[in-house]
Amino acid sequence: MLQFINSAQGRELAFLGTSCPDHFIRTKIRPLFVPWPADAGIAELKAQIAVSLDEYRDQYRAYYHSFATPDSPALRDPSPSVVLIPGLGIFSFGKNKTEARIVGEFYTNAIHVIEGAALLAEGEVAGTLPQCGEGFAPASFKVFSNYVALPPSEAFGIEYWAMEEAKLRRQPPEKELSRRIVMVAGESESSATAAALKAATSGAHVVIACPSQDDAARIAGQLKSVTSTEFVSSSEIDVHSRQSIAKALRATVQAFGGLDILIDTSPTPSQPLAEEAAKLFAEQALDSSPDLVEI
C-alpha cells in the first residue's frame, strides 16, 4: 500500500480509478488521495482532509450529473469509500466492518493491476488504444504509466447499472443500531452480557470491556452466536483507572474506527469513564452528540 501511495506517480494513478468494473459499486469510480508532504504535521493533515473531502464530493456529484439519465438510480453518498494518505496508507469505509474490509481488499487488488500494467513498460501507445472499441471516443481513455482507465461514461454505466441497484435493494433492512459502535463497560458480568446482547441483536458493532480479559472474551464469544464475528471485539478495562480506560477506548477505535455509544454497567457510574469517553467523542468531531448510557 505505502509503496504505491508514496510513489511519485501514486496520486495520478489513483485519480484514474479502480481497475475492475465489478468493484465500482463499493469502491466508487476512484479513491480519495489526500496529499500530505513529509514535512507537514497533523494539523496540516486535518485541514487537507477537510479540503480534499469537499473537492471529492463536488467532483463525484459532477460525475453523477454528467452521465445520469432520467431512469438512473438516485445519487448515492458522494463521500469516498477508499482514502489514500502518503505515509499512513489506505483507509476503507463501509456500513459495517465486513463491507469496509471488502472495500479495502478490492482496492488492494486494483493496486496490483495498476502495478502489473506499469511493469509491462511498453511505453506510450501510438495511435488509437487497443482498448478503444468501436463507438468509443479515443479521447475518453486516459493513460498514465501504461495503465489505461475506463472512460467515465462506462464507469458510470456500471456503478449505476440497474442490476447493481437491484442487488443493493435486496439486502436485508438495517436494524436500529446498524452502523453504530457500542462499548459496554463495567464491573458486572451479568449486566454487561445483557446489555451487549441487546446491542448486538440490534445490529451494533460491540466492544465488551471487563476487568478480566477472559470474562470479556467469553461474553464476546456469546455474542458471535447472534451477530457477525467481525462485529464483536473485547478489551480489558479498569473503570477506575484513566490509563486503563484510555487503552480500552483506543482498542475500540482501532477495532471499528470510532465510538458512538458507551454503556456503563458499573454499580456506581464511573466518572473517569464518562470523562475519557467525552474526550474521545470531542476528538471525533461528530455531527451529532454520542450517547452515554448508564445502567
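The values are calculated or read from the model by the stated rules, or taken from the named source; none is laboratory data. Quantities reported herein were computed from a predicted structural model and do not represent experimental measurements. Reconstructed Cβ throughout: ideal geometry from the backbone, glycine too, with neighbour counts over all protein chains shown.
Here is a yes/no grid of residues against (1) farther than 16 Å from residue 17 by Cα; (2) without any contact (Cβ under 8 Å) to a residue 24 or more places away in the chain:
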| position | (1), (2) |
| --- | --- |
| 42 | yes, yes |
| 68 | yes, no |
| 74 | yes, yes |
| 78 | no, yes |
| 82 | no, no |
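Say whether the condition of being in the same structural domain as residue 86 (by TED's automatic domain parsing), farther than 22 Å from residue 148 by Cβ and surrounded by 14 or more Cβ atoms within 10 Å (Cβ to Cβ) is met by at least one residue in region 25-34.
So far as region 25-34 goes, yes, one or more of its residues are in the same structural domain as residue 86 (by TED's automatic domain parsing), farther than 22 Å from residue 148 by Cβ and surrounded by 14 or more Cβ atoms within 10 Å (Cβ to Cβ).
Any idea which residue in region 254-277 is farthest from the chain's Cα centre (by Cα), counting only those that are surrounded by 15 or more Cβ atoms within 10 Å (Cβ to Cβ) and in a helix (DSSP H, G or I)?
If we take residues in region 254-277 being surrounded by 15 or more Cβ atoms within 10 Å (Cβ to Cβ) and in a helix (DSSP H, G or I), then 272 is farthest from the chain's Cα centre (by Cα).
With the requirement that a residue be touching a Ser or Thr at 6+ places or on another chain (Cβ under 8 Å) and buried (at least 16 other Cβ atoms within 10 Å of the Cβ), what does region 190-204 give you?
The answer is 191, 192, 195, 200, 203, 204.
Looking at region 205-235, which of the residues that are outside any helix (DSSP H, G or I) and touching a residue at least 60 places away in the same chain (Cβ under 8 Å) is surrounded by the most Cβ atoms within 10 Å (Cβ to Cβ)?
The qualifying residue surrounded by the most Cβ atoms within 10 Å (Cβ to Cβ) is 205.
Taking residue 184 as meeting all but one of (1) crowded, with 24+ Cβ neighbours inside 10 Å; (2) on the phi > 0 side of the Ramachandran plot, write down the number of the exception.
Status for residue 184: all satisfied but (2).
Look through 220, 251, 246, 216 and report the one residue that is over 20 Å from the mean Cα position of the chain (by Cα), modelled with pLDDT under 95 and closer than 17 Å to residue 279 by Cβ. First the steps, then the outcome.
Values: 220 fails: closer than 17 Å to residue 279 by Cβ; 251 fails: over 20 Å from the mean Cα position of the chain (by Cα); 216 fails: closer than 17 Å to residue 279 by Cβ.
It is 246.
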